[in-house]
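Inspection log for the structure reproduced underneath, given as structure tokens.
The values are calculated or read from the model by the stated rules, or taken from the named source; none is laboratory data. In this text, all values refer to a predicted model and were calculated from it rather than measured experimentally. With ideal geometry, Cβ positions are generated from the backbone for all residues, glycine too; neighbour counts draw on all protein chains shown. The area values use the complete protein model at the heavy-atom level, side chains included, leaving out ligands, DNA and RNA. Shrake-Rupley method; radii C 1.70, N 1.55, O 1.52, S 1.80 Å.
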Amino acid sequence: MGTLFHLESRHMTRWIGVWLLVASGVVPLAAQNQAATGPRATNGRPDLSGVWQVLNTAAWDIQDHSASLGVPAGQGVVEGNEIPYQPWAAAKKRENDENRRTADPEARCFQPGVPRITYMPFPFQIVQTPTYVAILYEYGHVTRHIYADGTPHPKGPIDSWFMGDSRGRWEGNTLVVDVIHFTDQTWFDRAGNFHSEALHVVERYTPTDRDHITYEVTIEDPKVFTRPWKMTMPLYRRQERNVQLLDYECYTLLEEERAAAR
């Protein structure tokens with residue numbers, strides 16, 4: 001009888017302990033890590049696979065801006081809301097803004113480039129393996145290759161055109177992507193923020209839970225800016241049942257004007 005009571009007491013103590021852990025919000029470390037970073041891949045890294053999208057107006061203007069014709073108001077994603085242009089480049093940015101309707105390369109259906117394609121108002125899908133990450137964008141069927149196998153950037157200059165060459169590595173739970181070999185034929189937004197072919201981009205993808213990734217990007221271009229600067233925004237996992245990328249073909253403003261004139 002004493003032994004049975006002792007066993008029952010041990011079971012009761014264990015269940016009371018579990019209940020206290022749950023009630024206090026204390027969970028084992030492995031469960032904490034899973035809750036904090038979301039699902040894990042077979043190699044133990046965070047699994048970023050899925051369909052994601054931003055919910056901001058950075059594609060129109062990465063800085064704070066008021067609403068205007070065809071452009072929704074929005075809060076900026078630039079750290080400090082300041083882009084450190086060299087004096088000549090600040091004047092060029094203003095000129096770009098004045099002529100943005102036709103001067104923006106994206107308005108002519110060029111690929112938006114990195115990082116702009118991330119915050120275009122379209123979803124994108126991440127496909128991940130231990131040594132390789134592919135990002136498939138709904139916009140223009142663009143596919144991006146990120147090599148995470150330790151191989152370096154090829155020697156340049158190379159004609160990678162809009163999307164550059166991407167090399168990834170893991171720093172803890174963060175996928176860090178180093179991107180170089182750009183041209184000067186992309187902008188950061190429709191407001192005329194621009195760069196040269198010397199652009200160097202470092203992206204950081206850090207999952208905060210199953211359905212959110214913090215996306216931080218550092219911009220460096222000594223030909224245009226006086227110092228490096230950053231943008232930060234959340235990426236949201238699309239929650240629709242059977243969500244998938246659909247077809248989107250870019251249609252230029254010139255083509256719209258021609259169609260309207262018919």
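For region 106-189, the solvent-accessible area works out to 40 Å² per residue, with a probe of 1.4 Å and every protein chain left in place. Computed from backbone phi, the HN-Hα couplings of region 39-54 come to x, 10, 7, 5, 8, x, 6, x, 9, 8, 4, x, 9, 10, 6, 8 Hz, rounded to whole numbers (Karplus: 6.51 cos²θ - 1.76 cosθ + 1.60, θ = phi - 60°; Gly and Pro given as x). The packing ranking, built from the mean of other Cβ atoms within 10 Å per residue, places the peptides 246-252, 219-225 in the order 219-225, 246-252, highest first. In this simple spin-label approximation, Ser49 and Asn173 carry label points 7 Å from Cα along the Cα→Cβ vector, and these lie 2.0 nm apart.
Within a straight-line Cα-Cα reach of under 25 Å, Lys92 can be paired with the following lysines, leaving aside sequence neighbours fewer than 8 residues apart in one chain: Lys223, Lys230. The protection proxy used here, the mean number of other Cβ atoms lying within 10 Å of each residue, ranks peptides 149-156, 133-140 as follows, highest first: 133-140, 149-156. Taking 0.890 mPa s as the viscosity and 25 °C as the temperature, the Stokes-Einstein diffusion coefficient of region 48-200 based on its alpha-carbon Kirkwood radius rounds to 148 µm²/s.
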